[in-house]
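Read the structure below first, then the notes.
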Ligand SMILES: [Zn+2]
Ligand SMILES: [Zn+2]
């Protein structure tokens with residue numbers, strides 16, 4: 001199969017022909033429907049050789065994966081061929097500590113480094129991905145796996161933050177989303193679905209603000225210093241000069 005792979009640290013990834021994966025005991029091969037492109041891909045590409053210890057390139061990129069179960073290894077009973085699944089990318093988690101067992105594998109007490117499909121292991125930018133343990137599969141029912149793929153990182157990151165904030169967001173209150181790129185647009189949608197709050201999107205790009213309004217934001221604010229001062233937010237920020245440069249320094 002053709003896979004998009006990081007062949008060496010700090011080099012441009014390339015398409016490469018690799019053997020189709022087959023599952024060993026307890027493993028599952030997933031036919032990839034969607035594999036999200038993420039800013040983390042750039043981070044992975046930029047890591048130098050010393051970052052990669054046991055799991056070094058070459059490997060296939062792509063850590064936001066959903067698809068259908070293609071083949072299961074011996075002993076796998078939780079899923080069967082054809083099931084629609086998303087792939088939990090926390091592959092360095094132990095699966096046994098109390099964080100893992102409460103579904104917070106990303107906070108595993110025993111993982112030594114962030115390792116995932118596409119981050120040290122072969123990932124989803126390929127027709128198939130080998131999932132090393134069935135516990136990393138999440139059934140998604142009738143959800144379209146193409147749309148579900150980025151939920152495994154971009155979506156869950158935003159959802160986790162908003163879920164913690166829910167007790168303080170009641171109907172009639174205002175939730176401000178600063179930055180409505182990939183993650184921020186998820187934030188707008190989760191807030192729309194989970195709360196009755198008025199949602200205000202803040203960004204420097206009108207095109208993104210337009211998308212945010214389409215996805216459920218009630219109002220939008222173009223992000224530059226004068227406007228922020230008008231809406232009273234500037235008092236929370238360090239002293240800013242007027243104009244875009246002042247805003248960027250205050251936004252850090
Ligand atoms: Zn990602
Ligand atoms: Zn653990």
- Task: Using per-residue counts of other Cβ atoms within 10 Å, averaged over each peptide, order 38-45, 128-135 from highest down.
- Result: 128-135, 38-45
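Of the beta bridges DSSP finds with both residues in the chain, what % are antiparallel, to the nearest 5? Let's see the in-between values first.
Values: 25 of 36 bridges.
Once the DSSP bridges in the chain are tallied, antiparallel ones form about 70 percent.
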- Rg (one decimal) and Dmax (whole number) from the Cα set of segment 2-148, in Å, equal 14.7, 42
- Translational diffusion coefficient, Stokes-Einstein: compute it for the chain using the Kirkwood radius over C-alpha pairs as Rh, at 4 °C and 1.567 mPa s, and state it as an integer in µm² s⁻¹. 64
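All of the numbers you see were taken from the coordinates with simple rules; none came from a lab. Predicted, not measured: the structure shown is a model, and the values here were computed from it. Neighbour counts are summed over all protein chains in view; Cβ atoms, including those assigned to glycine, are modelled from backbone coordinates with ideal geometry.
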